[in-house]
Amino acid sequence: MCHQTVGLVARALEAAGVPTLCLTAAHSITASVNPPRAAFVDLPLGYTVGRPGERDFQRDLLRRAFSAAESMTEPGTIADLGVRWSDDQAWKAGATSGLANGIRSAEGDSRSPRVAEPQYQFESDRAAAEANTG
Amino acid sequence: MDDDAPVDYIARTTEQYASLGYEPYAWARRPETPPWTPLERPLAESTVVLIASGGAYREGQVAFHWKDDTGIRRIPTDQPACDVRVTHFAYDLEPARADPNIVFPVDRLNELVDEGVLGGLAPEALACMGGIYSVRRAEEVLAPAMVEAVTSARASGTDIDMALLVPV
């Protein structure tokens, strides 16, 4: 859904006069929602800009994305940045949307429950937020 | 399957939902030509605003909830990514919590500004939780709020030449 949401937001921004570039790791979802400019990376969901700690890879990915955006002239372009996870594409066999992204596996409906309460990373974040909101 | 082809998540989701006895999800289809605003200047002279949908927030802010939360959190981009938290129901949070740059690349964007690839980074990034099932809520609530956030920043004097959107 994340890719769909971002595509819809990009379309709205562009209509309001703001040029946009969407990164995407989910080509079919982005193609369906059809944002103005998109840059595809062939990476598992959850790793849109690369692996944790791989600064050069992350920076190179973003450089490629911006360079691609500058040369786009056709609304609805999805440029393939040529960014791959590894030579071994085995992760793709087990990749679904949800938590089972081909790197981590999960059975059945792998999404977490969609609860309507704030979900803090740290319990201390809850106390800090509650202190702010009084 | 063709190993070099992108994973077709629409097809995978349809299969997964069917196996769980759920109705297929109606993905948004927008085949009409998308709106288009040309870039006014080279990116080396442009200021970019980061918009990320991986559920980033910072300490002191209310975290996103996981049921079609359409809120926006403003995150200062002069703070390092290690101060950013992430919360989302539909991706593995562990790697992003180890290095938020993989879904909220604020450190890398600041480095690209230092290198001269980008002219600047807007002082506030706009974060949301993109796992919104309702296309109507995404389109009628979140998208206009994001437009308002960017256009009001521009109106108050912040240069914004392009938005980089990072989904998860």
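What follows draws every value from the coordinates through simple rules; no lab data is involved. Treat the numbers as computed from the prediction; the structure is a model and nothing was measured. As a convention, Cβ positions derive from the backbone with ideal geometry for all residues, glycine included, and neighbour counts pool all protein chains shown.
With only alpha-carbon pairs counted, each pair once and no self-pairs, how large is the Kirkwood hydrodynamic radius of region B:63-161 in angstroms?
Numbers: mean 1/r = 0.0676 Å⁻¹.
So the Kirkwood estimate lands at 14.8 Å.
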Skipping prolines and chain starts, which residues have an amide H placed within reach, meaning under 5 Å, of the one on A:Thr77, given they are 5 or more residues away or on another chain? A:Ala38
Over the protein assembly as shown, what lengths in whole Å, largest first, do the semi-axes of the equivalent ellipsoid take, defined as the square roots of 5 times the eigenvalues of the alpha-carbon gyration tensor? 26, 23, 19
How much net charge surrounds B:Glu139 when only other residues with a Cβ under 15 Å from its Cβ are counted (Lys, Arg +1; Asp, Glu -1)? 0
Most mobile of B:Gly21, B:Gly54, B:Gly119 in a GNM of chain B (Cα contacts under 10 Å): B:Gly21
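In peptide B:93-105, what is the residue-averaged number of other protein chain Cβ atoms found within 10 Å of each Cβ? The partial results should precede the final answer.
Values: counts 5, 5, 10, 6, 3, 3, 9, 2, 9, 13, 6, 2, 8.
Per residue, the number of nearby Cβ atoms from other chains is 6 on average.
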How big is the dipole moment of the protein assembly as shown about its Cα centre under a simple scheme where the beta carbon of each Lys and Arg is +1, that of each Asp and Glu is -1, and everything else is neutral? Debye, nearest 20, please. 540 debye
Magnitude of the Cβ-charge dipole (Lys and Arg +1, Asp and Glu -1) of region B:43-166 about the Cα centre, nearest 20 debye, reported as 500 debye
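In region A:27-134, which GluC sites (Glu not before Pro) fall in coil by DSSP and have 13 or fewer other Cβ atoms within 10 Å?
Details: sites: A:Glu54, A:Glu70, A:Glu107, A:Glu123, A:Glu130; in loops: A:Glu54, A:Glu107.
For GluC sites (Glu not before Pro) across region A:27-134 that sit outside H, G, I, E and B with at most 13 neighbouring Cβ atoms in 10 Å, the list reads A:Glu107.
Quantify how strongly other chains surround peptide A:66-78 by giving the mean number of their Cβ atoms within 10 Å of each of its Cβ atoms.
Partner-chain Cβ atoms within 10 Å, mean over residues of A:66-78: 3.
Just from its helices, what would the mean residue ellipticity at 222 nm be for chain B, if runs of 4 or more DSSP H residues each count -39500 (n - 2.57) and the sum is divided by every residue, rounded to the nearest 500 deg cm²/dmol? All intermediate terms of the calculation are to be shown ahead of the outcome.
Details: 4 runs with 40 residues, N = 168.
The helix contribution divided over chain B gives -7000 deg cm²/dmol.
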When the label point is put 7 Å from the Cα of A:Glu70 along its Cα-to-beta-carbon vector, which residues of region A:34-52 have a backbone N closer than 19 Å? A:37-40
Could you check the simple spin-label distance between B:Gln79 and B:Tyr22, using points 7 Å along Cα→Cβ, in nm with one decimal? 3.2 nm
Chain B, Gaussian network, Cα under 10 Å: of B:Val135, B:Val103, B:Val49, the residue fluctuating most is B:Val135
With charges only on Cβ, +1 for K and R and -1 for D and E, what is the dipole size of region A:2-107 about its Cα centre, in debye, rounded to 20? 180 debye
Between B:Tyr57, B:Tyr25, B:Tyr17, where does the largest GNM mean-square fluctuation fall for chain B, given springs only between Cα atoms within less than 10 Å? B:Tyr17
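For chain A, what is the mean residue ellipticity at 222 nm derived from helices alone (per DSSP H run of n ≥ 4: -39500 (n - 2.57); sum divided by total residues; nearest 500 deg cm²/dmol)? Walk me through the intermediate numbers first.
Details: 4 runs with 49 residues, N = 134.
Mean residue ellipticity, 222 nm, calculated: -11500 deg cm²/dmol.
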Could you tell me the distance between the Cα centroids of region A:53-108 and region B:36-69, to the nearest Å? 18 Å
Can you tell me how much longer the chain between A:Thr77 and A:Trp91 gets when fully stretched, taken as 0.36 nm per residue apart minus their C-alpha distance, in nm with one decimal? 2.4 nm
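Could you check what % of the DSSP bridge pairs in the protein assembly as shown are antiparallel, to the nearest 5?
Details: 9 of 29 bridges.
Roughly 30 percent of the beta bridges in the protein assembly as shown run antiparallel, per DSSP.
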Counting sequence-distant residues (5 or more places) and residues on other chains, those with an amide H built under 5 Å from that of B:Thr77 are B:Glu124, B:Ala125
FRET efficiency estimate (nearest 0.05) - Cβ-Cβ, A:Arg55 to A:Ala116, R0 30 angstrom: 0.25
